[in-house]
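The values are calculated or read from the model by the stated rules, or taken from the named source; none is laboratory data. Small disclaimer: the values here were computed from a predicted structure and weren't measured. Because the Cβ atoms are built from the backbone with ideal geometry, glycine has one as well, and the counts that use them run over all protein chains shown. These accessible areas exclude ligands, DNA and RNA; they are computed on the full protein's heavy atoms, side chains included. Shrake-Rupley method; radii C 1.70, N 1.55, O 1.52, S 1.80 Å.
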Amino acid sequence: MKVATNPHSLPRYCDASLPVPMDQPFTYALPETLRHRVKPGCRILVPFGRRTLTGVVLRTHDESPAMAAKLVLRLLDEEPVLDEGLLALGRWIAHYYCAPLGEVLRSMTPLGGEIRRSKQYSLSDAGRDAVRQLLLGTPGEDASVTVLRALEFRSLTALAVAKKATGGDKALAEKTLKSLAKKGFVSSEDLLADRDPLRAAAERLCVEFTSRPGAVKLPKAERELIAFLELHPGAHNLKTLDNAMAGASQAARSLGRKKLISLTVADSVLARSAPRPPHELNVWQREAFDAIRASIDARGFKAFLMHGVTGSGKTEVYLTAIDAALAAGRGALLLVPEIALTPAMADQFFQRFGTRVAILHSAFTDVERAEQWRRIRNGSASVVVGTRSGVFAPVQNLGLIVVDEEHDGSYKQEENPRYNGRDVAIVRAQQAGACVVLGSATPSLESRYNIDRAKYALLELPERVESRPMPDVEIVDMRQEFLDTRKMAVFSRRLINEIATRLEAGEQTMLLLNRRGFSSFVTCRACGSRIECANCAVTLTYHRRDKRLLCHYCNYAEKVPEACPKCGGEHIQFIGTGSEKVEQELHQSFPTARIARMDRDTVTSKRHFETILSGFRDRDYDILVGTQMIAKGHDIPNVTLVGVVSADIGLGMPDFRAAERTFQLLTQVAGRAGRGELRGRVIVQTINPEHYAIRCASAQNYAQFYDKEIEFRKAMRYPPFAALANVLVRSQEQAEGLRMSGELAALLVPPPENMRILGPAEAAVPRLKNEFRYQLLIKAANRKTLNETLQRLRLHALENKWGPTALVIDVDPLSLL
Ligand code: ADP
Ligand code: ZN
């Protein structure tokens, strides 16, 4: 009673959005201790049914709800993780992409998961002593021993502890951690707590000598380290020291704890190379930059499309524009495709902007991402480089957003919420009154069309830097090659010749085949049937190194059968060519050549990717074979030949963007040739030499391709002439899937005005991961009606209590499979 009459009373409730498929916020009561601390945009831990969920506070208030509200369990952020602008952006995404707000907000915050995962455990001093004693004896290993040992050198999450110490048993790991914490051996902390250098990875730590220790007696390793640091003044990277001096990492941490040396966390995990002065902009770059700067200075929203041919120096324009934004006291955000964010790329940014840069990458751990996030939010990092989700970085006073390779498919998230980072970037810039630059050598049809509609302004870089020539492109008709040689060869005589010339000259070659595996499918010669995945309606691909057949959709694998599973026939045939076979054939043709392969089978991690690439850059290899991974953004001056083994692979896809994708891939990969002093040549092998995508890419003629393709889109009412949505119904029961898709179709009869509905029909992949899939493709002239229609379909699924994954709504889909 007293509280209610107090004029200074604090809000007693908050509405929070939870990561559940429902749209409405949920009201929770605030414990007294939290009333003055909970703000909109903060994350809280709340009970929900029998679960505990992380929600985002939308507002606090004093309106008693009809039903007794449950109490908030915990406040996770003292400062909001999402400010008002980002909350508004989240609402826009939820509405536009027909996704539940809670799921959108969750994917916008740096730590996607539950709080449990973000709790980090480490040894207390007592725990350390206990471990030391354990090391002296006691062979009997119960869980508390293995857990203590796992934590000896590093702090870990409960999940990581489970993996290392309890054979994957997470419940046991948690129970053990709890009891160890009670005994005072283990302490825990939120990942968002202040970063503690003692816990950072060695490669991120710098060590420096501070003062001579007094009379304390130190272990040998620590004495040696001190002696070394004293002799070599300045900061040393701990990882490097550790490689040179056994036990340096441990010794440094121990000395750090004793405050005998200084330990600091480096701002980046990435190495820095010697600084390179900025290039003087050429006339085209200058013209583009001047337009961007004028718009930054005008402090209003403006969108540019920067169409610059491969090697035209787009990055230099970005860097200079970011400089201008910083000089105007504003922050900048650069988005790059997933595959393009290599250390080499990040390095350019460190050289230019030093510690003002934050890099956001999905390969980083939650801790690292949370740290970067905090540096951005508190303004110490004002330049952010990130992949898709980087668009949500809390950059202060945002003045410029650059989306590099704006046509790239990796900007689209292929799981809920299915947003496109490029399009979200436009909306964010609009809200922030910022300038946005979309850059590409092959702009998407949608973006280029926005020039025609005067929504974006066009910036052109039509020439390569320093007047370097565009590569010569030569098409080899593989049908003719077959007629001439009577052989179904992987390489034409022409391509073989060109590779041989490069090997002699010590120049490098890149070979693209956009299909991994050895052969693309396996058939029985007797009955003609193809071997399919047990879970999906797709053929399996032969992987020779692993001697097995693999599903590229669900990773199902089986041994190569000795006989046809259908008819028992013994003649199993391997049809088609994948990157693995290209590599093998190369070894046969050029036994002494040094060959590297880059595709999803050889590249299992980010680091791995960079190792192969930098090896190629350092000329450890003569030839790099790969899938589309090799096509993007890499700038390797000694590459003078690019070969496209088969330009036809993408053309046959049942997708209206097949031609556009082929054009983009061929243009981009051709652009890898001749980027240094030496002139480049490109050989394109194809059985469709007249196809306009192949012809225009070979001529490096974007304008011609655009004119042709835009006519097709217009005639067929495809984007950008219609708003498209793909509605997918999934069920393990075929009958149920059919019924549900029928229900949705019935809701669309008669079709809303200016809307065309294709289906319901089987999806292009009718069964995937053991689910049957039915599809409705909606083309609408009007976005508003499309959105209303989709919301109706969603409501139907909610009201009829469909399973959480049964209905997929994909607005502006990039994949129609
Ligand atoms: P793009 O992204 O347009 O394909 P890059 O930005 O990778 O091209 O630039 C290609 C190369 O040209 C890079 O090595 C870059 O350092 C260099 N470069 C950029 N601008 C200039 C310039 N004005 N003069 C000379 N070299 C430049
Ligand atoms: Zn499968």
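One Cα centroid belongs to the stretch 145-160, the other to the stretch 532-587; the line between them spans 41 Å. Given +1 at the Cβ of Lys and Arg, -1 at the Cβ of Asp and Glu and no other charges, the dipole of the stretch 532-675 around its Cα centre is 340 debye to the nearest 20. Test of understanding: extend the Cα→C-beta vector of LYS70 to 7 Å, then name every residue of the stretch 33-48 with backbone N under 16 Å from that spot. Within reach of a label on LYS70, which here means backbone N under 16 Å from a point 7 Å along Cα→Cβ, the stretch 33-48 contributes 44-48.
For VAL476, the residues whose modelled amide H falls within less than 5 Å of its own, excluding neighbours fewer than 5 places apart on the same chain, are VAL684, GLN685, THR686. Using a/c under 1.5 as the rounded threshold, could you call the stretch 425-560 rounded, prolate or oblate? The axes a ≥ b ≥ c are square roots of the C-alpha gyration tensor eigenvalues, and prolate needs a/b larger than b/c, oblate otherwise. It is oblate, given that a/c is not under 1.5 and a/b is not larger than b/c.
All other residues whose Cβ lies under 14 angstrom from that of GLU736 are scored, Lys and Arg at +1 and Asp and Glu at -1, for a net of +2.
Think of the stretch 636-770 as having a plus end and a minus end, set by charges on the Cβ of Lys, Arg, Asp and Glu; of SER646, PRO752, GLY680, GLY680 sits farthest toward the positive end of this dipole.
Using the crude model of +1 on Lys and Arg Cβ and -1 on Asp and Glu Cβ, and no other charge, please compute the dipole size for the stretch 678-817 relative to its Cα centre, in debye to 20. Each step should come with its number before you reach the end.
Numbers: 19 positive and 14 negative charges, 75 e Å.
Computed charge dipole of the stretch 678-817: roughly 360 debye.
Looking at the calculated P(r) for the stretch 536-626, what percent of the C-alpha pair distances fall above 15 Å?
Numbers: 2803 of 4095 pairs.
Here the tail beyond 15 Å accounts for 68 percent of pairs.
What does the convex hull of the alpha-carbon atoms of the chain project to on average, in nm²?
Dividing the Cα hull surface by four gives the mean projection, 42.8 nm².
Here the relative contact order of the stretch 361-459, from alpha carbon pairs under 8 Å that lie six or more residues apart, stands at 24 percent.
Between ASN782 and SER124, the distance separating the two model label sites (each 7 Å from Cα on the Cα→Cβ line) works out to 6.7 nm.
Between GLU152 and GLU743, the simple spin-label model (points 7 angstrom out along Cα→Cβ) gives 5.8 nm. Using only Cα coordinates, the Kirkwood hydrodynamic radius of the stretch 469-526 works out to 14.3 Å. When only Cα pairs below 8 angstrom with a gap of at least 6 residues are kept, the chain shows a relative contact order of 9 percent.
Counting charges near ALA434 (Lys, Arg +1; Asp, Glu -1) among other residues having Cβ under 11 Å from its Cβ returns a value of +4.
For an R0 of 30 angstrom, estimate the FRET efficiency from the Cβ-Cβ distance between HIS232 and ASP620 and round to the nearest 0.05. Computed FRET efficiency for HIS232 and ASP620: 0.45. In the stretch 593-663, the inverse of the mean reciprocal separation of distinct Cα atoms equals 13.6 Å; this is its Kirkwood hydrodynamic radius. The label-point distance for GLU79 and HIS61, in a model that sets each label 7 Å from Cα toward Cβ, rounds to 2.8 nm. Computed extension gain for ALA557 through GLU287, at 0.36 nm per residue and net of the alpha carbon distance, reaches 91.8 nm.
Between rounded, prolate and oblate, where does the stretch 663-753 land on the alpha carbon gyration tensor, with a ≥ b ≥ c its root eigenvalues, rounded for a/c under 1.5, else prolate if a/b exceeds b/c? Provide the component values of the computation, followed by the final result.
Working: a/c = 3.68, a/b = 2.31, b/c = 1.59.
Because a/c hits 1.5 or more and a/b exceeds b/c, the stretch 663-753 counts as prolate.
If you take the beta carbon distance between ARG132 and LYS163 as r and set R0 to 22 Å, what does 1/(1 + (r/R0)^6) give as a FRET efficiency, to the nearest 0.05? Step by step, r from the Cβ atoms, then E = 0.40.
Taken about its Cα centre, the chain carries a charge dipole of roughly 1800 debye when the Cβ of each Lys and Arg holds +1 and the Cβ of each Asp and Glu holds -1. Extension gain for SER188-GLN24 works out to 55.7 nm (0.36 nm per residue, less the C-alpha to C-alpha distance). Residue-wise HN-Hα couplings along the stretch 393-409, as the Karplus relation 6.51 cos²θ - 1.76 cosθ + 1.60 with θ = phi - 60° gives them from phi, are 4, x, 4, 7, 6, 4, x, 8, 10, 10, 10, 7, 6, 4, 7, 5, x Hz; Gly and Pro carry x.
Rolling a 1.4 Å probe over the heavy atoms of the protein chains gives the chain an accessible area of 45 Å² per residue.
Please report the accessible area of THR27 (heavy atoms, 1.4 Å probe, ligands and nucleic acids excluded) in Å², nearest 10. Accessible surface of THR27 is approximately 50 Å².
Across the chain, the longest run free of exposed loop sites, meaning GluC sites (Glu not before Pro) lying outside DSSP classes H, G, I, E and B with no more than 15 other Cβ atoms within 10 Å, spans 416-561.
Taking a straight line from the alpha carbon of LYS581, these lysines sit under 20 Å away, with near neighbours fewer than eight places off in the same chain left out: LYS487, LYS547, LYS559. Ligands, DNA and RNA left out, the accessible area of the chain computed with a 1.4 Å probe is 51% carbon and sulfur. Applied to the stretch 312-326, the Karplus parametrisation 6.51 cos²θ - 1.76 cosθ + 1.60 on θ = phi - 60° returns per-residue 3J(HN,Hα) values of 8, x, 5, 4, 4, 5, 4, 4, 5, 5, 5, 3, 5, 5, 4 Hz, with x for Gly and Pro.
What is the Cα centroid distance between the stretch 737-780 and the stretch 483-511, reported in whole angstrom? Cα centroid to Cα centroid, the span is 47 Å. Report the paramagnetic label zone for SER589: residues of the stretch 678-697 whose backbone N is under 20 Å from a point 7 Å from Cα along the Cα-to-Cβ axis. Answer for this model: 680-689. Straightening the chain between SER179 and ILE575 buys 136.7 nm, computed as 0.36 nm per residue apart minus the Cα-Cα spacing.
Here the stretch 281-346 and the stretch 16-49 have alpha carbon centers that stand 39 Å from each other.
Bridging of LYS220 to lysines at a Cα separation below 20 Å is possible for LYS239, LYS258, LYS259, once same-chain residues fewer than 8 apart are set aside. Remark on THR157: its backbone amide H falls under 5 Å from those of TYR121, a criterion applied only to residues 5 or more positions apart or on other chains, H modelled at 1.01 Å from N.
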